[in-house]
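The values are calculated or read from the model by the stated rules, or taken from the named source; none is laboratory data. In this text, all values refer to a predicted model and were calculated from it rather than measured experimentally. Note that we place each Cβ from the backbone using ideal geometry, even for glycine, and neighbour counts take in every protein chain shown. Areas reflect the complete protein model, heavy atoms only, side chains present, ligands, DNA and RNA absent. Shrake-Rupley method; radii C 1.70, N 1.55, O 1.52, S 1.80 Å.
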Amino acid sequence: MASQNLQSVPAELSPEELEREQAGQAYFDRIISEDSRIEPRDWMPEAYRKTLLRQISQHAHSEIIGMQPEANWITRAPSLKRKAILMAKVQDEAGHGLYLYSAAETLGQSRDKMTTDLIAGKARYSSIFNYPAISWADMGAIGWLVDGAAICNQVPLCRASYGPYGRAMVRICKEESFHQRQGFEILLELSNGTPAQKQMAQDAVNRWYAPALMMFGPPDDDSPNSKQSMAWNIKRFSNDELRSRFVGMMVEQIKVLGLTLPDKDIRFNEETKKWEHGPLDWNEFKDVLAGKGPCNAQRLERRREAHDDGAWVREAAAEYARKQAEKEYAA
Amino acid sequence: MIPNDSPTSQARPGTPVVVAPAANEPHETPWSLWEVFVRSSRGLSHVHAGSLHAPDAAMALRNARDLYTRRNEGVSIWVVPADAISSSDPDSKGSFFESPQGKDYRHATYYTKSEGVKHL
Amino acid sequence: MSTPENNTDFAIEGHGDISVGVRGAGASGDGSASATRITPGNALRPEDIALEIRKGQVKPTNDVAEYALRIGDDGLILAQRLGHWISRAPELEEDVALGNIALDQLGHARSFLTYAGAAWDKSEDDLAYFRREHEFRSAHLFEQPNGDFAVTIARQFIVSYYQFELYKKLTASTDATIAAIAAKALKEVDYHRDHSAQWVLRLAGGTEESRRRIVQAFKLVWPYVEELFEDDELTERLAESGAGVQPSSLRADFDQLTGEILSEAGLDGELNLERIPQSLGGGRQGKHSEHLGYLLAEMQVLAREHPGASW
């Protein structure tokens, strides 16, 4: 809060300040037009900083909250190999949240503040994690559909104009290579298994398909911020464009799985050369985003509990460090 | 590669950046920020990998090991308190890095007459 | 605006790596220096042991299998406990650290269980998911609940110093597979010692609250130390053959090394460990505490709903 207030005061600029602002804007515009990268200490428009901070912190929160539906299944994974894979994956998500918080910190906001905002319900995260993961097949569907959609979103972000964000995304995308594959293989194994297993897989795909498509964000004509983000080279493709590409990939992959997508309206539009899908329930999307999803309260509470329960540990380590430094100073 | 993306170094002159929470918000002493450098194999330099939080250097090293070398990324790690890094001023990047421009006689390619002469 | 990378935005290569569309990503700085170059590494995996078993290259004696079952169960039950921490740790960095330790323990368990199973024609999953409570051979310490972070650290401290001494000796086992698993595990457990020792020092020397909690934690878990070092007929036979070790032979080093840390932490006097009554144990004979039943119910529920299924 404090940092934003201080930074957003244009108030009265002295002629020197005004000149510096104008020079900064010109430099920024040139960097963007050359498709080069903005680094933390560069001058940047306040709106650019705010947009990034919002997007990166939301992205970080999504990784952290997104750990929960899968972490619920670590203790119940049906084979030891799957248990190890799932554990490694959920652990990766903690790492990814951490990389992203670090990138957001370069914009002048502390991780502590972002966490406090999240717990207070003041920050958003991907609404898909407010749906429950109720069967083992959900581990497959989340990996295949949710991570698949995330990867489609994230790969272009590796070239985001803000350096630290792009670098974090490079690391994340590299690590995530296995996330979607392991999900696909869970579904494939189930689909080729007993009838009960196959049913479990189909049910999971049915439930996660639409929420996964909605992960790309509202349709382009209802996404007011997208245009500016694209002009700033933060976003590289529109929501609908990415969604359409994703649908195209899923259409092929579902065949390999021997399952079906719960969407009778999928078709390739020969004119536009784009994949089209059936209508999505954007009212539900907005409701879930607004906190009315099946798990919103539960997810935030779990995060709050971990943060609060850990406070004495963080304090102890900080206090120990302080005492050690004192000792060293005295010696 | 100097990591100029540490929050402590991102403040521009005249733009105070306050990271500490306001008085009415819950507050605890946060762990400090560290920059992590990883050597991917012997003979190569350490390269900036990212940042993390830790209460002290010992834990920063261990957190870096757990976080940034989960997939065999490194054989050696450095951690540096983010606020210990000084970086060049982005506002003066023009003049600061102007001098080497145009001094092509510092490069072997400048010397064309000797081209074709063996072992030179 | 149009850069060559535009074409590769969605390239997902055949081996599952995702092209990130950034030139030089992962190869910045000098030559091939990189902080994101990743490799699977080269180490003994449970799958390698399973393959050797299938090819008939290795098979444990019944005694060795029983012994591997004990060690494997220790790791499995602990991994199950630690896995619960992921998404609940005091800080994200610690989520990752505990995750790494859990994965190490699970890896050791899978190797030992895979090898043990070869004696009875059973897979690691047969052993993990389809045995009943009294058939598990883990010691009581491993099934103790996570409690708060201090309890988890105290448990981890004892476990890792015990396992380090055990694996150090087992690297010289006359059973080549046991020796190989131990060699891989030894290095990992060495780091677990360091991790828990660092935290014992910090919790003991941090705030009043953290000190109170770590003292209480040691009082809760120390009663289960004795059981780890109890000899019986099986370990006696294995020590004689050179395939295993007498647990009692590990105690002196364990006491010395843990004693050093506890003394550095200033806990030794306050804890008065010699006076903490030791639990009767019985885990090695399948006599467990009340905790294991719940742990297994959760771990096994899905696999048992679908007997014979493949995952």
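Numerical summary
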quantity: Output for region C:100-119, where each listed residue is open to solvent by 10 Å² or more (accessible area, probe 1.4 Å), within 11 Å of chain A (Cβ to nearest Cβ) and over 8 Å from the mean Cα position of the chain (by Cα); calculated: C:Asn100, C:Arg110, C:Thr114
quantity: Residue check for A:Ala94: surrounded by fewer than 23 Cβ atoms within 10 Å (Cβ to Cβ), of a type outside the set (Val, Ile, Thr) and facing chain C (nearest Cβ under 10 Å); calculated: no
quantity: Residue ID - nearest to the other protein chains (Cβ to nearest Cβ), chosen from residues in region A:289-331 that are among the basic types (Lys, Arg) and open to solvent by 70 Å² or more (accessible area, probe 1.4 Å); calculated: A:Lys323
quantity: Residue list for region C:279-296, restricted to those being open to solvent by less than 60 Å² (accessible area, probe 1.4 Å) and of a type outside the set (D, E, K, R); calculated: C:Ser279, C:Gly281, C:Gly282, C:Gly283, C:Gly286, C:His288, C:Ser289, C:Leu292, C:Gly293, C:Leu295, C:Leu296
quantity: Subset of region C:23-46 [at pLDDT below 50 and either open to solvent by 50 Å² or more (accessible area, probe 1.4 Å) or at the interface with chain B (Cβ under 7 Å from one of its Cβ atoms) (or both)]; calculated: C:Ala27, C:Ser28, C:Gly29, C:Asp30, C:Gly31
quantity: Sole exception among (1) at the interface with chain C (Cβ under 9 Å from one of its Cβ atoms); (2) closer than 28 Å to C:Leu201 by Cα for B:Ile77, by number; calculated: (1)
quantity: Enumeration of residues in region A:204-234 that are surrounded by fewer than 16 Cβ atoms within 10 Å (Cβ to Cβ) and either away from every other protein chain (no Cβ under 12 Å) or under 21 Å from A:Gly278 (Cα atoms) (or both); calculated: A:Asn206, A:Pro219, A:Asp220, A:Asp221, A:Asp222, A:Pro224, A:Asn225, A:Lys227, A:Gln228
quantity: Near pairs, Cβ below 6 angstrom, 6+ apart or cross-chain, from region C:97-124 (in contact (Cβ under 8 Å) with a residue 40 or more places away in the chain and over 14 Å from C:Asp74 (Cβ atoms)) to any residue that is open to solvent by less than 30 Å² (accessible area, probe 1.4 Å) and of a type in the set (Ser, Thr, Tyr); calculated: C:Tyr115/C:Thr177; C:Glu124/C:Thr114
quantity: Matching residues, region A:172-181, being at the interface with chain C (Cβ under 8 Å from one of its Cβ atoms) and crowded, with 24+ Cβ neighbours inside 10 Å; calculated: A:Cys173
quantity: Residue check for B:Ser114: assigned to a loop (DSSP other than H, G, I, E, B), modelled with pLDDT of 90 or more and among the polar types (S, T, N, Q); calculated: no
quantity: First in region A:31-47 and away from chain B (no Cβ under 11 Å) and aliphatic (A, V, I, L, M), second anywhere and part of a loop (DSSP other than H, G, I, E, B) and open to solvent by 20 Å² or more (accessible area, probe 1.4 Å), Cβ under 7 Å, 6 or more apart; calculated: A:Ile32/A:Trp232
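Each row is one residue, and each column tells you yes or no for (1) more than 30 Å from A:Met200 (Cβ to Cβ); (2) open to solvent by less than 20 Å² (accessible area, probe 1.4 Å); (3) more than 9 Å from chain C (Cβ to nearest Cβ).
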site	(1), (2), (3)
A:Arg82	no, yes, no
A:Leu86	no, yes, no
A:Gln109	yes, yes, yes
A:Ala123	yes, no, yes
A:Cys152	no, yes, no
